[in-house]
Structures are given as structure tokens and as C-alpha cells.
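Undergrad: Submitted below is the structure of interest, expressed as C-alpha cells.
Every number in this text was worked out from the coordinates using simple rules, so none of it is lab data. None of the values given here were measured: they were computed from a predicted structure. All Cβ positions, even for glycine, are placed from backbone atoms using ideal geometry, and neighbour counts span all protein chains on display.
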Amino acid sequence: MKNKDQMMKIIAFSICFSLLSMPSFSQETWNLERCIRVALEKNLTIEQIKLNKDGYDISGKQLRRNRIPSLNLNTNLGYNVGRVINPSSNNFENENSLYQSYGASTGVMLYSGGRTVNTIKQNDAYVQASEKDIQQAQEDLALNVASAYLRILFAYQNLDIANDRVALTKEQLDNMDKMIDAGTKPEVDRYDILSQLAIDESSRINAQNAIDNELLGLKQLMLMEASDTLIIEKPELNFTTLEPLENVPFDDIFEIALINQPQITAAEIRQEANEIGIAIARSQRLPSLSLGGNLGTNWSNLYKVPTEFDYGTVVVPGVFIDGQPDRYSQAYANPTKYKGLAYGKQLDQGLGYGVGATLSIPILNNYSAQARVEQAKINALNSDIETEKIKQTLKTNIQNALANAKAAKKTMEGAEASAYAARLSLDNADKKAALGAIGNFEYLSARNRSDAAENNLLIARYDYYFQIQILKYYMGRGISLD
């Protein structure tokens, strides 16, 4: 009985484990929006750009605090061995001693030729440019994800077509076998269909491999593991209602892109920042004025104060009264006993402070100040050229995108006409095949032409769809599959 109970527990545990290990049949699907969001959250390049912006934010905080006074406290504790100065008598003594000092200092820059203010403005410009860099990187990544997503949709649709081809060829093979069994067709007629079935099966395998490869590419953009399951939504793309953006004039798209492309704004902001750099360099040729102060005190165990004195008088020689030599006596008090002064009182009596202003006037600095100004001008010119380069690249990209979209539209229209003609030819071949008026070779040739035309049409449609998405991207409309 005991063994039976144990066996039942083992069986129950095995069933539960098997149920937990079974894959879920209601796996979550990913739409384009979610894919883009995850890719943006995990992208390391964007994280680096954000860290770069954080660095400018920190610099901005530090620069703004340069306008307020600084305050520093310090203390020094030590032990002297051998010959030292006695703070009571200011005489050298050979005695070990313990000492401690305290100090406080403050300072503030009153005038620096506008260097502080301009440096803050320049850093703020770099912060704004970094924000645009982040936005540009996010939009570029979103476009790459959308492109990968579209390629997957194309691969899935291509697989559906391949599956239909295999199913149709198998149906033809079944019909041929029935006719061979009935004696109306010879055995050799099935070989052409078997050859076509092998070709169709190979195409289906290639289509599935294309899906796996495209899914892997999308996973890599989202920093997913290759073994992770990724099932994407398959929205119905309407190729006939796409806005014909290829007909929009180039100048209109370019003007919109200049406003909406973050990389252009970032370049222009950096250009302004480098112009401010010239003013910063010039400020180093102007006088600067700073104000400072300090407060300090010290303590030593050698410091003592007298407690008892030996009093007396002494004759002071060389004294004259009304021009005649005379004797003059002066009282004195020589300390005979000492005692140490309390720690707090010693710090109080040793307290001292000072204030001062520093005026620095550059006169001759071996051309260093002028060299910085000239270098700042070169940086400003370089930023002007870089901005123009980015604009020229954008112009070239938009020109290519417009040309590609127009070419894709014409290719799609040509593919639609070719596919329509191929469908009519295949329909005619189907009718002849039903009547036995056409051989396998002629029929399969008509079907292959139709399949190729349909595949070319599918490629042309997706290419045109993607080219329109690129134009939408340059016009700042975002990425969508509607």
C-alpha cells in the first residue's frame, strides 16, 4: 500500500511537471510599436549619447556654481621631533612637540571678461545639441526596426505563396496519379510534376530560412537572444492607398527635412556654440578681478604663559637729561614659572584673518591668448563646414529617396501589368489542361511564369511601401504601417 501511494505521487508529479514544461499556444505577439520601444530602451549607442548629455549637464551645474564664493576648511595635526620654534618665545628649542592648526579660505571671481557667462552659454548649447543627437539616434533606430519588420512581413507572405505552390503542385500530382491509374495518362507524365514539386519544396525551405534570418536581425536590433521566441503581428498592408509622396517636389521635402531632422538642428546649435568659443578665447586677453579671504589659528603643546616673575631694576646707560648725562633706572619682571594655555584659549588668542583682491592683467603671454582666439575661429569655420556637409548629405539622401520611390512606383505598375498578363495566361493554361489540350511542360511553364510575376509584384509592392516610409521619415511624419 505504501509503495502504491509513492507511485501515485511520482505519477502526479510527472504529470504536473509535463504540464508546466509544455509550450504555451497563446504566445504574445509583437507589433511594430512594441518592437521599436524595446529597441529604443536597450540600444547601447543611445545610452552612450545620453551619458554624453549627462556629462554636459554636470558641467553646467559646476559652471553656474563658479559664480558663487568658494569656501574651504582645513586642519593640520602633526608631531615635531628635534629643533623647533617655541611659539611662546619664538626661539628655537630642541624639544619634541605636538601641534595643530585650523584654517578657512574663501574666494570669488568678480570679473573675468565674460568668460564664465559665455562658457555657461556654450555648455547649454552642447546640452541642446546632445538632446537632438539622442532624438536623431532614436529616429534612425526606429527606421531600421521598421525596415526589418517590413522584410519579415514580406518573408511571411512569400512563405504563404510558397506553401500555396506546394499545395497546388501536390494537387496536380494527385490528379495525375488518378489519370495514370485510369489509364488516360502515361507514367512518365508524373515526372515533370515531381520535378516541379521538388522545386516548390526548395522554394518553401528558402522562404522559411529567410523568415528565420530576418527575425534574427530584428532580435539583434532589440538585443534579444537568438533563442528567444519572437512572433510579430501581420497587419494587412494596403498598397493601393499609399500617399504618392514621390510626386511631392524635392524643394518642399528638403525644406521640411531641414526643420524636422534633429541632426540638422544639432549641427546648427554646435555651430553657435563654437561661435561663443571665440568670445571665450578673447576673454582671456582681458583683465580679471577676484576677491579672497582667509581665517586661521593654531595650537602647540610648547606654548606656555608665565605665572610667576622675578622683579628688579636695571640702570639704563646712555641717558641724557637737558643735554647732561644722567642715571636712569628701569624696572623689569622676568618670568620664573610657566604653565600651558588651555586648548580653546590658545586657539582664540592665535586667531587671525585677512582679505585681499587680485587683479590680473595679461600683457605678454607668448602669443598663447591670440593662438586660442585663432584656434577658436578655426573651430567655428569647421563647424560651419560640418553643418553644410550634413545638409548636403541630407539633400543627396532625399534626392535618392525620391528617385527610388519614383522608380519603385513604376516598377510596381509594371509588375502589376505583368502579373495580370501572367494570370490570364495561367487561367488559359488551366482551361486547356482540363481539356487535355496542353502538355505538362507547357502548363508548368505557364504556372512558373505566373509565380515569378506574382513574386516580382510582391517584391515591388514592398519596395514601394518602404520607399514611401523613408520619405515620411524625412518629412518628420514618423514610422507606421497604416
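Undergrad: Could you tally the net charge around A342, taking each other residue with its Cβ under 14 Å from the Cβ of A342, Lys/Arg +1 and Asp/Glu -1?
TA: Values: positive: K304, K339, K345; negative: D348.
Net of charged neighbours comes to +2.
Undergrad: Would you grab the residues whose amide H sits under 5 Å from the one on E233? Only those 5+ places off in sequence or on another chain, please, with H modelled 1.01 Å from N.
TA: W30, N31
Undergrad: Next question, about the same structure. Near K121, which lysines are there with a Cα under 18 Å away, not counting those fewer than 8 places off in the same chain?
TA: K53, K61, K132, K377
Undergrad: What net charge is computed for the residues neighbouring N260, neighbours being all others with C-beta under 14 Å from the C-beta of N260, Lys and Arg scored +1, Asp and Glu -1?
TA: -1
Undergrad: Tell me whether the range 283-336 comes out rounded, prolate or oblate; compute the Cα gyration tensor, take square roots of the eigenvalues as a ≥ b ≥ c, and use a/c under 1.5 as the rounded threshold. Walk me through the numbers on the way to the answer.
TA: Values: a/c = 7.76, a/b = 1.85, b/c = 4.20.
In terms of gyration-tensor shape, oblate.
Undergrad: Hey, another quick one. Go through the range 352-450 and name the chymotrypsin sites (Phe, Trp or Tyr not before Pro) that are in a DSSP coil and have 16 or fewer other Cβ atoms within 10 Å of their Cβ.
TA: Loop-located and lightly packed - Y367.
Undergrad: At R0 = 51 Å, how high is the FRET efficiency between I256 and L77 if r is their beta carbon distance? Nearest 0.05 is fine.
TA: About 0.15, to the nearest 0.05.
Undergrad: Let me ask something else about it. Using 13 Å as the cut-off for backbone N distance, which residues of the range 141-162 belong to the label zone defined by a point 7 Å from the Cα of N31 along Cα→Cβ?
TA: none
Undergrad: Further question on the same structure: Which of the listed residues, I232, L245, G277, is farthest toward the dipole's positive end in the range 229-278, when Lys, Arg count +1 and Asp, Glu count -1 at the beta-carbon?
TA: Final value for the positive-end residue is I232.
Undergrad: For K432, list the aspartates and glutamates whose Cα falls under 19 Å from its own Cα; do not include residues on the same chain fewer than 8 positions away.
TA: Counting by Cα, and skipping residues close in sequence, K432 has these aspartates and glutamates nearby: E171, D174, D177, D189, D192, E442, D451.
Undergrad: How much length is gained on full extension from V38 to V108, taking 0.36 nm per residue of separation minus their Cα-Cα distance?
TA: Separation in residues times 0.36 nm, less the Cα-Cα distance, equals 20.4 nm.
Undergrad: If r is the Cβ-Cβ distance from E95 to A333 and R0 is 25 Å, what FRET efficiency results, to the nearest 0.05?
TA: The formula returns an efficiency of 0.50 here.
Undergrad: Right, another one. All other residues with a Cβ under 10 Å from the Cβ of P306 taken together, and with Lys, Arg as +1 and Asp, Glu as -1, what is their net charge?
TA: +2
Undergrad: Taking R0 as 30 Å, what FRET efficiency do you get between L381 and R285 from their Cβ-Cβ distance, rounded to the nearest 0.05?
TA: For R0 = 30 Å, the calculated efficiency reads 0.90.
Undergrad: Can you give the calculated 222 nm mean residue ellipticity of the chain, where each DSSP H run of n ≥ 4 adds -39,500 (n - 2.57) and the sum is split over every residue, rounded to the nearest 500 deg cm²/dmol? Mind showing how you got there, number by number?
TA: On the way: 10 runs with 297 residues, N = 482.
So the calculated ellipticity at 222 nm is -22000 deg cm²/dmol.
Undergrad: Here's something else I'd like to know. If each of N365 and N397 carries a label point 7 Å out from its Cα toward its Cβ, how far apart are those two points in nm?
TA: It is 4.1 nm.
Undergrad: Only one of the values [x] 25.2, 77; [y] 23.5, 73; [z] 45.1, 168 was calculated from this structure for Rg and Dmax of the Cα atoms in Å; name its label.
TA: [z]
Undergrad: So for the pair K178, D310, with labels modelled 7 Å out along Cα→Cβ, what separation do we get in nm?
TA: 14.3 nm
Undergrad: Could you give the dipole magnitude of the range 313-464 about its Cα centre, charging the beta-carbon of Lys and Arg +1 and that of Asp and Glu -1, in debye to the nearest 20?
TA: 200 debye
Undergrad: Greater than 27 Å separation of Cα atoms is the criterion. Which listed pairs, K234/K395; K219/K395; K42/K234; K234/K391; K409/K431, meet it?
TA: Exceeds cut-off: K234/K395; K219/K395; K234/K391; K409/K431.
Undergrad: K304: which lysines have alpha carbons under 23 Å from its alpha carbon, excluding same-chain residues fewer than 8 sequence positions away?
TA: Output for K304: K337, K339, K345.
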